[in-house]
1. Taking the highest mean first, how do the peptides 190-198, 40-48 order by number of other beta carbon atoms within 10 angstrom per residue?
2. If the label point is 7 Å along Cα→Cβ of A29, which residues in segment 130-162 have backbone nitrogen under 15 Å from it?
3. Multiply the residue gap between R270 and N201 by 0.36 nm, knock off their C-alpha separation, and tell me the result in nm, one decimal place.
4. How long are the semi-axes of the ellipsoid equivalent to segment 77-233, from square roots of 5 times the Cα gyration tensor eigenvalues, in whole Å, largest first?
5. At R226 and A283, where each label point lies 7 Å from the Cα along Cα→Cβ, what is the point-to-point distance in nanometres?
6. Indicate the gyration tensor shape class of the chain (rounded, prolate or oblate), computed on the Cα atoms with a ≥ b ≥ c the square roots of the eigenvalues: a/c under 1.5 is rounded; otherwise a/b larger than b/c is prolate and the rest oblate.
7. When the helices in the chain are scored as -39500 (n - 2.57) per DSSP H run of 4 or longer and the sum is shared across all residues, what 222 nm value do you end up with, to the nearest 500 deg cm²/dmol?
8. Measuring with a 1.4 Å probe in the full set of protein chains, what accessible area per residue, in whole Å², belongs to the chain?
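The values are calculated or read from the model by the stated rules, or taken from the named source; none is laboratory data. If you're wondering where the values come from, they're calculated on a predicted model, not measured in any experiment. Please note: Cβ atoms are built from the backbone with ideal geometry, for glycine as well, and neighbour counts cover all protein chains shown. Surface areas here come from the heavy atoms of the whole protein model, side chains and all, with no ligands, DNA or RNA. Shrake-Rupley method; radii C 1.70, N 1.55, O 1.52, S 1.80 Å.
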Amino acid sequence: MTRTVYVNGDYLPETEAKISIFDRGFLFADAVYEVTSVLNGKLIAFDGHAERLKRSLSELDMDNPISTEDLLEVHRELVRLNEIDEGLIYLQISRGAASDRDFAFPDPAEVKPTVVLFTQSKPGLAETVKPMKVISIDDIRWGRRDIKTVQLLYPSMGKMMAKAAGADDAWMVEDGYVTEGTSNNVYIVKDGKIITRGLSNDILHGITRAAVLRYAEEAQMEVEERNFTIEEAQNADEAFFTSASAFVMPVVQIDDKALGDGNPGRVALRLREIYLDESLKTAM
């Protein structure tokens, strides 16, 4: 079945969708993106993703070409047209396509942003719990990881490093401390306490991260936001990561060292359960 996608105001079969070869998202990775999960045909944490999108655009001095209300309508229409029950909606906004390649930004009064959305059907998304194995790699990304840009080459390389090592993902390390996973925020649990790196320009301000920490505190779990090392993570009782597409996923091995008894931890599984239950209550 051919998907229906959205390109600059039009709903099109994916085989007919086109953007210019001069689009700055293609030439310079001059674009931002968001991924919103769909469960039971409804959008999970849409408002949070819409707000972060506005922030990313603002931080890059990029015009916001679509209102939150219109963006919500596009998301819902794509869910309807593609009959998505469980899956993802990918949104990307670039600075647009000038008449030629140039490092300097084009005049926004003359060159409008490019807006693209498409769906990915993922049956069983909420049921999939895979105990994850991770490796550690150096974090050599640019310094503004808080902006959700499409500059994802190094995280993609990190995924492939993990795959080559027989693992599922990589945790990145800078100045001796873990920053985040290749596409997720990361956590360890020690003596019942949830430990995760605090917000800064060094990590993405995860929408799922914010919700999970809020739910953890509401459940009277202790949370500490601070840096931690790979060695500390290896000696933790359990570990997990969060993202919009994986929700809460347990980590059972770090650099060939099993955590605890090698099985998904109690805290991670409980937080996943809480997150899914609470998110479905406010899904749109």
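1. Numbers: 190-198: 16.1, 40-48: 18.2.
Highest to lowest by the protection proxy: 40-48, 190-198.
2. 139-160
3. Working: separation 69, 0.36 × 69 = 24.84 nm, distance 2.92 nm.
Result for the pair: 21.9 nm of gain on full extension.
4. Numbers: eigenvalues 195, 99, 60 Å².
The answer is 31, 22, 17 Å, longest axis first.
5. Distance between the two pseudo-spin positions: 3.8 nm.
6. On the way: a/c = 1.96, a/b = 1.49, b/c = 1.31.
Prolate is the answer for the chain, as a/c is 1.5 or above and a/b outweighs b/c.
7. Values: 7 runs with 78 residues, N = 284.
Helices in the chain give a 222 nm mean residue ellipticity of -8500 deg cm²/dmol.
8. Values: 13650 Å² over 284 residues.
The answer is 48 Å² per residue.
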